[in-house]
Amino acid sequence: MTQTITLSTDAYGIAELCWNDPQRKVNVFSAEAIEEWATLVERVAVDDTIHGVLLTSGKGMFHAGADLRMVGGFFDMSPEDLWSVMARIKDSFYRLETCGKPVAAAINGHCLGGGFEMALAAHARFAVDDPAIKIGLPEAGLGLMPGFGGTQRMARLAPWQRALEDMLAGATYDVTTAQSLGLITEVVSPDALRDTARAWLLANPEAQQPWMARGYRGPGGATFERFFHKLNAGLTRDGVEERPEQRLIAEAVYHGLQMPIEPALRLEVRRFIELARIPSVKETMQRRFFGKAA
């Protein structure tokens with residue numbers, strides 16, 4: 001079996017999970033990689049000699065997200081089977097962020113889709129100072145939606161209005177913009193990337209996600225309701241039935257931000273499965289990526 005992710009631990013108890021699939025030009029979440037990833041996450045979570053986790057890439061691109069061929073297969077799965085796949089990755093990200101150990105991502109190149117969703121499950125994200133690097137959730141531009149927690153974590157880290165608008169547009173960011181939105185902790189030189197991330201892990205043994213802090217409250221109230229009333233009106237005017245991912249992303253953010261993170265993550269998966277069950281979406285995906293009719 002090909003090893004996609006390597007696990008190594010230094011003298012300080014910092015475990016490095018390095019993505020470097022030898023059979024692909026870029027790192028992706030294939031079905032096999034998901035299982036390997038989830039197994040390694042559980043290993044670092046239960047190992048008492050590990051005191052922090054560093055996510056890295058052995059390739060020039062940090063992570064490209066989900067394997068499109070795997071995604072193409074989602075549309076032929078039963079809801080139950082698709083839930084099993086999505087829940088496996090959802091649960092692994094949640095396990096990582098709640099394992100009681102600090103987690104940092106060292107982003108050395110493009111970090112997109114499911115790869116960015118993985119990074120959002122870390123407690124800190126460090127990126128190389130390179131204006132060419134793109135970071136974000138471009139799924140809506142493909143007629144899809146985030147399904148690995150992106151609608152929930154991004155809307156809690158960045159200003160939620162901007163986060164939602166950018167997810168609906170499938171927008172990506174350069175590292176400076178991502179930092180200004182709270183999605184990147186620090187932008188550093190290439191030579192300093194790993195050392196900076198490791199130093200942060202050692203200095204923050206009690207790190208936790210902001211939404212896990214006691215007293216955390218998500219957005220709400222009249223401003224929240226007005227924003228979504230206006231958004232829904234705009235989506236209806238623009239023909240939301242022709243872009244179902246727009247409605248489902250908006251619903252995931254609206255309802256999810258009013259819940260604790262764990263049920264919010266389950267809600268996102270349910271919306272993703274709803275999207276995958278729409279025949280027109282399947283037809284579009286098959287034509288776009290595989291050049292054939294559904």
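The values are calculated or read from the model by the stated rules, or taken from the named source; none is laboratory data. Nothing here was measured: the structure is a model prediction, and the numbers come from that model. FYI the Cβ positions are ideal-geometry reconstructions off the backbone, even for glycines, and counts take in every protein chain you see. Heads up: the accessible areas ignore ligands, DNA and RNA and are worked out on the full protein's heavy atoms, side chains in. Shrake-Rupley method; radii C 1.70, N 1.55, O 1.52, S 1.80 Å.
Taking the accessible area of the chain, probe 1.4 Å, and keeping the other protein chains in place, the carbon and sulfur fraction comes to 50%. Viscosity 0.692 mPa s, temperature 37 °C: give me the Stokes-Einstein translational D for segment 234-275 in µm²/s, with Rh taken as the Kirkwood radius over C-alpha pairs. Value of D from the Cα-based Kirkwood radius: 309 µm²/s. For the chain, a crude dipole built from +1 on the beta carbon of Lys and Arg and -1 on the beta carbon of Asp and Glu, taken about the Cα centre, is about 640 debye to the nearest 20. Beta bridges from DSSP with both residues in the chain: antiparallel share about 25 percent, rounded to the nearest 5. The ratio of the alpha-carbon radius of gyration of segment 62-121 to the globular-protein estimate 2.2 N^0.38 Å is 1.27.
Indicate the gyration tensor shape class of segment 149-236 (rounded, prolate or oblate), computed on the Cα atoms with a ≥ b ≥ c the square roots of the eigenvalues: a/c under 1.5 is rounded; otherwise a/b larger than b/c is prolate and the rest oblate. Oblate is the answer for segment 149-236, as a/c is 1.5 or above yet b/c matches or exceeds a/b.
Straight Cα distances below 27 angstrom link Lys59 to the lysines Lys25, Lys90, Lys101, Lys134, with same-chain residues fewer than 8 positions distant left out. For the chain, the longest principal axis of the C-alpha atoms and the axis of helix 193-203 are separated by about 80°. If you work out log10 I(q)/I(0) by the Debye sum over Cα atoms at q = 0.10, 0.12, 0.15 Å⁻¹ from the coordinates, which of (1) -0.60, -0.81, -1.16; (2) -0.51, -0.75, -1.19; (3) -0.68, -0.92, -1.26 do you get? Computed from these coordinates, log10 I(q)/I(0) by the Debye sum over Cα atoms at q = 0.10, 0.12, 0.15 Å⁻¹ corresponds to label (2). Ellipticity at 222 nm from helices only: DSSP H runs of n ≥ 4 in the chain, each -39500 (n - 2.57), divided by the residue count, give -15000 deg cm²/dmol. Against the empirical curve 2.2 N^0.38 Å, the C-alpha radius of gyration of segment 84-213 lands at a ratio of 1.00. Per residue, the solvent-accessible area of the chain (1.4 Å probe, heavy atoms of protein chains only, all protein chains present) comes to 44 Å².
Within straight-line reach of Lys282, meaning a Cα separation under 19 Å, sit the following lysines at least 8 residues removed in sequence or on another chain: Lys292. Judged by the mean number of other Cβ atoms found within 10 Å, the most tightly packed of the peptides 99-109, 16-26, 178-188 leads the ranking 99-109, 178-188, 16-26. Across segment 200-291, Cα pairs under 8 Å and at least six residues apart give a relative contact order of 21 percent.
Under 1.5 on a/c is rounded, so check that first for segment 25-90, then, if it is not, pick prolate when a/b is larger than b/c and oblate when it is not; a ≥ b ≥ c are the square roots of the alpha carbon gyration tensor eigenvalues. Since a/c reaches 1.5 but b/c is at least a/b, the shape of segment 25-90 is classed as oblate.
Put simply, the convex hull of the Cα atoms in segment 1-136 casts, on average, a shadow of 8.6 nm². Would you work out if segment 213-288 is rounded, prolate or oblate? Take a ≥ b ≥ c from the square roots of the eigenvalues of the alpha-carbon gyration tensor; rounded if a/c is under 1.5, else prolate when a/b is larger than b/c, oblate otherwise. Judged from the Cα gyration tensor, segment 213-288 comes out oblate (a/c at least 1.5, b/c at or above a/b). Against the chain, whose longest principal axis comes from its Cα atoms, helix 160-169 is set at around 70 degrees.
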